[in-house]
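The values are calculated or read from the model by the stated rules, or taken from the named source; none is laboratory data. Since we're looking at a predicted model, the values are computed, not measured. Note that we place each Cβ from the backbone using ideal geometry, even for glycine, and neighbour counts take in every protein chain shown.
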Amino acid sequence: MTTPPQGPPTSAPVTPQPSAAAAPVTVPDVIDLPSGNELDALAAAELQGAQPVRLIVVAGPVGAGKTTLLATLHDLFQTGKIGDYAFAWSRTLPAFERRCHLSRIASERSVADTERTKIGEVRYLHTQISGPELPENLLDLLFTDVNGETFELARDSIAECQRLHFLKMADHFLLLIDCEKIIDRKKRNQVIHEAMMLLRSCLDSGMLPASCFVNVLWTKYDFAAAAANGEHASFLQKATEEFQKQFGSRVGRLSFRKVAARPADVDGLEFGYGLPELLQEWATESPRNRTMNLLPDEELGSRESEKFLQRHFHSTSDSK
Amino acid sequence: MSESASNQFVMIGLPATGKTSFLAALWYLVQHGDVEHGLTLERMEGDSKHLNQISSVWASFEAVPRTSINSERIVSMVLIETSTKKNITLTFPDLSGESFMSQWVDRHFTASYEEFLKESVGGVLFISPLNYHKPVRIASAMPLLKEMVEAGQANEEKDDGGSIPWDPTQAPTQVQLVELLQFIAGREYFKPPFRLALVISAWDDVLKVKKTSPTKWLADEMPFLAQFLESNRRLFDFNVYGVSAQGGDYDKDVDELTEMTASERILIEGDGVRNAHDLTELLTWLMR
């Protein structure tokens, strides 16, 4: 694990004097530490070190469960390993914790919820895992933290999609489809239609590489399971076939998975249903080996200057 | 182990985790021969007022006062290793738990902690098994929530969405501790492997509830922290200890405790511990 450059202390040190036992410590000046907030592209790009980084793009409309998926992954690690994989590090612990808050009793809510991602710049959440068959036993996972409105804009406009520079670096593209809407017969065709338009826009814009692994996630699957209706299963099957037909040959791999991050009380669906299998896919499968540049080319010059300034003139860094 | 080697260790712990009680019991133990111990006080040096005060309180079966931010200080002990007769100077900062909470909440080190950390070759991380936050999901706690609402215990300071805003001080303890260790390992001067003794304090209370080992307790109760340590063995060379510096409850167990010699009420359990009353075994492990 590399340790990043950090600036010098902002104040003169108080050197401990072992011979002067019980000497009072001088009134403190402070050394700033990493904020633990979501990473911007610059901080995310600095992750490339001794071990590989996988970029997981989490895409879908507002309310599809993008943030809940990531918060649940963090929550699952707090109860133990997920399959073969253990938590190893995170540069964004407070950011994860904030996302978990509304699902915990500390929030004093009666029903779990997730804070909506705010509109703004692209941000990333970070988790490093350890496990067998990983290089150096470690792997950095970067997750996009992008609000649903951004993907809705990208769905409707190639130009908007081309602003999503991170798509070019995607190892795994998760396309979230909300089963709570799928069980509504009036909405379900629209939901599939819009998901396909988003994927098409990402591909036609040239942003999503043809080698990318696309995983269609049927989120909030507990709604479909609770409906116990063969018709929903049949609808999902037909939608799967349509996805395969339209996109199967356009991406590195197209797969489908049922997910229920925080399922209601449905037999056979435990907390984080589907996530262990997803994590295993991210850990073991990557479409390519390449360096990761999350910054638009035209911004590289100015951002490099910013990086230089940050390293040499500030004592803070959002890196570990 | 030699005189010239650095024997400076950081003591890390959130509020009320037993750091000062540990120091108090240690300062008493190394001065008395009522139980065998690997390290003995060689001589007093400088100002020992703080250590003397807390060890006197400890010896009289009273709760050792917690260190406040205003009373933080560096303490040192000149000890002699019983088996080799080598002199060893041990230095610890006795920092308040609030200082460590502040690292997580306010995201800064004090400059003095930073300087101390640079020279430290290891640390002791204190964890209280009696007072720690566990993440509890709403779905798994519905009956408890209903009870709180009916009993009027629910907090009134809710936001527009009917929720209490996120408070970092209430974040799961294991997450806070992982962050404190990440802060240490993330400094540019950090030299792995950093030797880390984890102390589960009030160990006698844990054993009253169930038979377990310190390592098992950590894996069961703080799996996130346990995973972090296992995943980062090349950064942290760690060992987990259960320690009871008090020996029991001063209200309930005082008759039993006063029948023992003072140092006999100290309890330490962990991999490699040979003498269950010798706190200095932990220090010897740190310096090995």
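Quick notes
- Test for residue B:118: is it at pLDDT 85 or above and either assigned to a helix (DSSP H, G or I) or at the interface with chain A (Cβ under 8 Å from one of its Cβ atoms) (or both): yes
- Contacts under 9 angstrom Cβ, first residue in the range B:98-111 being facing another protein chain (nearest Cβ under 7 Å), partner of a type in the set (D, E, K, R) and part of a helix (DSSP H, G or I), 6 or more apart: B:103/B:179
- Residues located in the range A:43-97, provided they are among the charged types (D, E, K, R), crowded, with 24+ Cβ neighbours inside 10 Å and away from every other protein chain (no Cβ under 14 Å): A:66
- Single residue of the range B:61-111 satisfying the filter (in a helix (DSSP H, G or I) and among the β-branched types (Val, Ile, Thr)) that is farthest from residue B:132 (Cα to Cα): B:69
- Selection of the range A:215-230 for residues being farther than 28 Å from residue A:286 by Cβ, in a helix (DSSP H, G or I) and in contact (Cβ under 8 Å) with a residue 40 or more places away in the chain yields A:222, A:223, A:224, A:225, A:226, A:227.
- Tally, over the range B:264-280, of residues that are surrounded by 14 or more Cβ atoms within 10 Å (Cβ to Cβ), of a type outside the set (Val, Ile, Thr) and in contact with a Phe, Trp or Tyr (Cβ under 7 Å, 6 or more places away or on another chain): 3
- Filter result for residue A:176 (in contact with a Pro (Cβ under 7 Å, 6 or more places away or on another chain), in contact (Cβ under 8 Å) with a residue 60 or more places away in the chain and not small (Gly, Ala, Ser)): no
- Looking at A:138, A:134, A:167, just one residue is more than 14 Å from chain B (Cβ to nearest Cβ) and on the phi < 0 side of the Ramachandran plot, and that residue is A:167.
- Residue selected from the range A:239-257 under the condition charged (D, E, K, R) and over 24 Å from residue A:279 (Cβ atoms), by the criterion surrounded by the fewest Cβ atoms within 10 Å (Cβ to Cβ): A:245
- Yes/no for residue B:228 being under 18 Å from residue B:123 (Cβ atoms), away from chain A (no Cβ under 14 Å), outside any loop (DSSP other than H, G, I, E, B) and of a type in the set (Phe, Trp, Tyr): no
- Among the candidates B:235, B:177, the residue that is within 15 Å of the chain's Cα centre (by Cα), crowded, with 20+ Cβ neighbours inside 10 Å, modelled with pLDDT of 95 or more and hydrophobic (A, V, I, L, M, F, W, C) is uniquely B:177.
- Of the residues screened, residue A:104 is not one that is within 11 Å of chain B (Cβ to nearest Cβ), among the charged types (D, E, K, R) and under 14 Å from the mean Cα position of the chain (by Cα).
- Leading residue by the ranking (surrounded by the fewest Cβ atoms within 10 Å (Cβ to Cβ)) among those in the range B:101-133 that are more than 19 Å from residue A:36 (Cβ to Cβ) and charged (D, E, K, R): B:119
- Near pairs, Cβ below 8 angstrom, 6+ apart or cross-chain, from the range A:239-255 (within 12 Å of residue A:212 (Cβ to Cβ) and part of a loop (DSSP other than H, G, I, E, B)) to any residue that is at pLDDT 95 or above and of a type in the set (Val, Ile, Thr): A:251/A:214; A:252/A:214
- If the condition is being buried (at least 21 other Cβ atoms within 10 Å of the Cβ), under 21 Å from the mean Cα position of the chain (by Cα) and of a type in the set (A, V, I, L, M), then the range A:208-230 contributes A:208, A:214, A:216, A:217.
- Between A:110, A:201, A:103, the distinction of being of a type in the set (Ser, Thr, Tyr), surrounded by fewer than 16 Cβ atoms within 10 Å (Cβ to Cβ) and on the phi < 0 side of the Ramachandran plot belongs to A:110 only.
- Check on residue A:109, within 12 Å of chain B (Cβ to nearest Cβ), in contact (Cβ under 8 Å) with a residue 40 or more places away in the chain and outside any helix (DSSP H, G or I): no
- Total residues in the range B:36-68 satisfying the condition of being away from chain A (no Cβ under 12 Å) and charged (D, E, K, R): the figure is 4.
- Residue selected from the range B:238-268 under the condition under 14 Å from the mean Cα position of the chain (by Cα) and not hydrophobic (A, V, I, L, M, F, W, C), by the criterion nearest to residue B:286 (Cα to Cα): B:239
- Of all residues in the range B:32-60 being part of a loop (DSSP other than H, G, I, E, B) and touching a Ser or Thr at 6+ places or on another chain (Cβ under 7 Å), the one that is surrounded by the fewest Cβ atoms within 10 Å (Cβ to Cβ): B:34
- Checked against the criterion of being closer than 27 Å to residue B:225 by Cα and away from chain A (no Cβ under 11 Å), the candidates B:33, B:13 yield just one match: B:13.
- Of all residues in the range A:117-149, those satisfying the criterion of being modelled with pLDDT under 95 and among the polar types (S, T, N, Q) are A:117, A:137, A:147.
- Unique match (being at pLDDT below 95, more than 10 Å from chain A (Cβ to nearest Cβ), over 30 Å from residue B:109 (Cβ atoms) and outside any helix (DSSP H, G or I)) among B:205, B:160: B:160
- Selection over the range B:174-195 of residues that are farther than 13 Å from residue A:36 by Cα and either touching a Gly at 6+ places or on another chain (Cβ under 7 Å) or in a loop (DSSP other than H, G, I, E, B) (or both) gives a count of 9.
- Any chance residue B:80 is under 30 Å from residue B:183 (Cα atoms), surrounded by fewer than 23 Cβ atoms within 10 Å (Cβ to Cβ) and touching a strand residue (DSSP E or B) at 6+ places or on another chain (Cβ under 6 Å): no
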